[in-house]
1. Can you work out the Karplus-derived ³J(HN,Hα) for every residue in segment 116-132? Use 6.51 cos²θ - 1.76 cosθ + 1.60 with θ = phi - 60°, whole Hz, and x for glycine or proline.
2. Would you mind calculating the gained length between Val161 and Phe60 on full extension (0.36 nm times residue separation, minus the Cα-Cα distance), in nm to one decimal?
3. When N counts the residues of the chain, how does its alpha-carbon radius of gyration compare numerically with 2.2 N^0.38 Å, as a ratio?
4. Rg over Rh of segment 101-198, using C-alpha atoms and the Kirkwood radius, what does it come to?
5. Please check: in the Gaussian network model of the chain (C-alpha springs, under 10 Å), which one of Thr16, Thr164, Thr73 has the largest mean-square fluctuation.
6. Under a 10 Å cutoff between Cα atoms, tell me which one of Gly196, Gly140, Gly76 has the largest fluctuation in the Gaussian network model of the chain.
7. From Cα pairs below 8 angstrom and at least 6 apart in sequence, can you work out the relative contact order of the chain, rounded to a whole percent?
8. Which values, in whole Å and largest first, are the semi-axes of the equivalent ellipsoid of segment 23-127 obtained as the square root of 5 times each eigenvalue of the Cα gyration tensor?
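The values are calculated or read from the model by the stated rules, or taken from the named source; none is laboratory data. Computed from a predicted structure; not experimentally measured. For neighbour counting, all protein chains shown are included, and Cβ atoms are generated from backbone atoms with ideal geometry for every residue, glycine included. Ligands, DNA and RNA are stripped out before the accessible areas are found, and what is left, the full protein with its side chains, is counted by its heavy atoms. Shrake-Rupley method; radii C 1.70, N 1.55, O 1.52, S 1.80 Å.
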Amino acid sequence: MTRLVATGGQVTSVSTRIVTIPNILSFLRLLLIPLFLILVIAGEYAWAVVTIAVSSLTDFADGYIARRFGQVTRLGQLLDPLADRLFILSTLVGIAIAGIVPLWFLAIVVARDVLLIGIGIALANVGHGPLPVHHLGKMGTFCLLFAFPVLMLGAAFPEAVGVTAALGWAAAIWGAFLYWWAGLLYLRQALVLVRGSRVASPASSDRLDR
């Protein structure tokens, strides 16, 4: 089954297929999360960076393949942002435990994801699915997934920490800002949808009573 949705002024076909190359890549990204945590806990920072690099490549590849070859699916629309958020969260938790980033930065990123969970619950209560991924969110994700391995390289190779700290923290702070900016845009969109649903519901009930 295939349906059409409008995103950014363009009409995209969305199918209900499950087994597609982009979905397989998203599943692979999910499977890399426990491997990454094991490597960080073991202090194998260089291999952990390689794991992040592979995850980032699969993130780029699944989006490109889905759009280029018409393999956009409903499952993929759920899996892709889920895999992104879980990988960012697991990476941040891992490097916070290792002392590479402070706990306050972990709290900032986690708070944004808690906001999105609340938005998802509110939308589900009024019969709406998840919101389309915003490009600012993708940019924030990219910055964070660039920042974390750079910071980890400083932990793996202390002689380079002067460079890695400057690059890593610049990307991390910018990424967190974009992450929250996108989150506030999602909140605004969700409020419009929820208010619209509440207005529409009484109107529908009035028509049924006539």
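1. With coefficients 6.51, -1.76 and 1.60, one gets 5, 4, x, 4, x, 5, 4, 5, 4, 5, 10, x, 9, x, x, 6, x Hz.
2. Values: separation 101, 0.36 × 101 = 36.36 nm, distance 2.76 nm.
Here the segment from Val161 to Phe60 would lengthen by 33.6 nm.
3. On the way: Rg = 19.5 Å, N = 210, 2.2 N^0.38 = 16.8 Å.
Taking N as the residue count of the chain, the ratio is 1.16.
4. Values: Rg = 16.6 Å, Rh = 14.7 Å.
A ratio of 1.13.
5. Checking each option, the largest mean-square fluctuation is seen for Thr16.
6. Gly196
7. Here the relative contact order equals 20 percent.
8. 26, 21, 9
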